[in-house]
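These notes are about the structure you will find just below.
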Amino acid sequence: MLKASTFLAAILTVFVHSFSAFGQVGISNPHLRDLPIVISWDDQGIRITSKTQGARTANLINIRPSQFLEQIGNDLVQVSIGAEETPVIIDVSDFFKATAATLADNNGYYPNMRSQIDIYMPKLVLADYNEPNSFVIDLINFSDKTNNSHQSFLIKGLDVFYVVTDNCAELSGVQNRVTIDVKKCGVQHLMLKGGLLALDDVEKRIPDLCRKYNDRYFSQDEPDAFVCLEECREEDPNAMKNLRHSRDLVTKYNITDFEDEPISFLGNLLLTKKGVGLNLKMEVEEVAGAKGRKKERGRAYEAYDEFRFFPWYEFINLSFSKYLDDKRLMIEDPYNNSYVFNSDVYFSNVELIQFFNELRALISSQLN
């Protein structure tokens, strides 16, 4: 079960929603849009229905019928039990292709009143649907009459994705895939939220933020602060050294996206157009004491390093807190995974926490 304290407004996060109290745990980004889609279920299968407002009353959903997919009413789709690993693809790409004028005309509720949401099932089932701008929902145990009932959904056309469900659901997630176990849930529907990142000026805003922290905490005795690569000119005596270091980090973090590029670094902390690379200590479980006596289970961290790259949709899910001393900080994600980052650099862990929180706010504010 997710801890409420770890929830953050971010790309690919899951909100636990209490329908009885109509309250939501977490920080909701004001730019995030409600998708006009509700997924509900019973022992007969799963239904996908549209939410409409104003003059729009029908034909929001464009369905391609198939063996397990049937349109049974205006904007009402039935997914029969048995599809399982074959995902229902919900493509909202056109939903977000809107002009500012269209948004204003419709009070920002629907980006384009003429756009439709495509729903279909693929003819060829792939082992992995880890594709750009997409998220996977695995809904399990939704039927009391069918053992291990399971249905996958692939949501396409989003940078940011939230699932809103009852607080009894058991949730787990890895990168762009979230599993929702609803076996013990009385509320039988999911609501979806999503958005697109608008990061056209990220190459300027991130260096500006780095310079802000360099100026705030700069000391001539310890000039080991953020290096903004745009300032690494040929006349800089450290230009070649900085270039080599950034290239080394790109290799260590295995950044194979040819559209990405490094912007700034701080030791082994790398900032790029598309995310943040951190040199982490991995958590292991501590179980045994001296002479074989068991002791209370606790958290321990391996001494070896892991170079982990967090794309923006993961980074803004992270929370940061001070750990043990003035150098180490704890990093946690919404699924109770935790890491330790050793801030053995110019900034203390508290100063880096400030920086990470401000960077997270900078990215998450750029949502459409």
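The values are calculated or read from the model by the stated rules, or taken from the named source; none is laboratory data. The shown structure was predicted, so the numbers you read here are calculated from the model rather than taken from an experiment. Because the Cβ atoms are built from the backbone with ideal geometry, glycine has one as well, and the counts that use them run over all protein chains shown. These area figures cover heavy atoms from the full protein model, side chains too; ligands, DNA and RNA do not enter into them. Shrake-Rupley method; radii C 1.70, N 1.55, O 1.52, S 1.80 Å.
Classify the range 322-368 from the C-alpha gyration tensor, please: rounded if a/c falls under 1.5, else prolate or oblate depending on whether a/b exceeds b/c. Working shown, then result.
Values: a/c = 3.37, a/b = 1.44, b/c = 2.34.
Here the range 322-368 falls in the oblate category.
Between residue 78 and residue 350, the contour length at 0.36 nm per residue exceeds the alpha carbon distance by 92.8 nm.
If the chain between residue 40 and residue 130 were fully stretched, how many nm would it gain, using 0.36 nm times the residue separation less the Cα-Cα distance?
Numbers: separation 90, 0.36 × 90 = 32.40 nm, distance 2.43 nm.
My answer for the length gained is 30.0 nm.
The amide H of residue 273, built 1.01 Å from its N in the peptide plane, has 261, 263 as neighbours under 5 Å, considering only residues 5 or more places off or on other chains. Accessible surface for residue 170 stands near 90 Å², nearest 10, in the context of the full protein assembly shown (1.4 Å probe). Using a simple spin-label model with pseudo-atoms 7 Å out from Cα toward Cβ, residue 254 and residue 181 lie 2.8 nm apart. Element breakdown for the range 114-219 at a 1.4 angstrom probe: carbon and sulfur atoms account for 46% of the accessible area.
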